[in-house]
1. Calculate the dipole size of the chain relative to its Cα centre from +1 charges on Lys and Arg beta carbons and -1 charges on Asp and Glu beta carbons; express the result in debye to the nearest 20.
2. I'd like the chymotrypsin sites (Phe, Trp or Tyr not before Pro) in segment 59-111 restricted to DSSP loop residues with at most 12 other Cβ atoms within 10 Å, sorted by number.
3. Taking θ as phi - 60°, what are the ³J(HN,Hα) couplings along segment 87-104 by the Karplus curve (6.51, -1.76, 1.60), each to the nearest whole Hz, with x for Gly and Pro?
4. Among residues other than Gln80 whose Cβ falls under 13 Å from its Cβ, what is the net charge (Lys/Arg +1, Asp/Glu -1)?
5. Could you check the spin-label model distance between Lys71 and Lys52? Points 7 Å from the Cα along Cα→Cβ, value in nm.
6. List the residues whose amide H sits under 5 Å from the amide H of Gly66, counting only those 5 or more places along or on another chain, with H placed 1.01 Å from N in the peptide plane.
7. Short version: ³J(HN,Hα) in whole Hz for each residue of segment 5-21, in order, from phi by Karplus 6.51 cos²θ - 1.76 cosθ + 1.60 (θ = phi - 60°), x for Gly and Pro, what are they?
8. Based on DSSP loop calls and a cut-off of at most 15 other Cβ atoms within 10 Å, the longest stretch of the chain free of exposed GluC sites (Glu not before Pro) is what?
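Derivation of every value follows stated rules applied to the coordinates shown; laboratory data play no part. Computed from a predicted structure; not experimentally measured. Quick reminder, even Gly has a Cβ in these numbers, built from the backbone with ideal geometry, and neighbours come from all protein chains shown.
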Amino acid sequence: MMNEKIEIELIKQTTRELESSLLYLSMASWVETTGLGGICEFLYDHSNEEKKHMLKLMRYINKRGGFARIKKNIVISNKQYTSLKELFQELFEHEKKISKEISKLIQFSSQEKDIFTQNFLQWYVEEQLEEETLINEILHKIKLIEKDQIGLYLFDQDIKNFYKNRK
Ligand code: OFO
């Protein structure tokens, strides 16, 4: 059984994962309106990934004798971006914020001497590292080709082909 304080903190993280999923989803929708099919595919796909992160947490909470639920008042963004650079910058900041929350959660589970939760959260540490690196790489590339429409088109095609080959 996990203690109630840990359960409450994990429920907060479950909600954050859902918020992440919805953020990627709303960003994907905006990008789709710009006609960049590859990048929008990447964002839709990642929205599903975040939902899987949420489910993984829910299943863990229940397995440890808690009751997984989503907090009320979920943050949903319907923002219209001015550029892809702005969007990926926001995403990068978001992922860094999530990484900090995971780190705080690990420290808290250590304080509470919950080694199961500490161990469980290691998966999220790896995941955040991968995500931060990936989003930062994309942001970097977008900054390089910022005003080059052909460059942007080719970059989008690259991402599109990557997804085509995965199917
Ligand atoms: Fe759930 O991995 Fe990012 O936010």
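1. So the dipole magnitude of the chain works out to roughly 540 debye.
2. Phe67
3. 4, 6, 5, 5, 5, 4, 4, 4, 5, 5, 5, 5, 4, 4, 5, 5, 4, 4
4. Here the count lands on -2.
5. Between Lys71 and Lys52, the simple spin-label model gives 2.6 nm.
6. Amide H neighbours of Gly66, under 5 Å, 5+ apart: Met2.
7. Karplus values, whole Hz, x for Gly and Pro: 5, 5, 4, 4, 5, 5, 5, 4, 5, 4, 5, 4, 5, 5, 4, 4, 4.
8. 1-111
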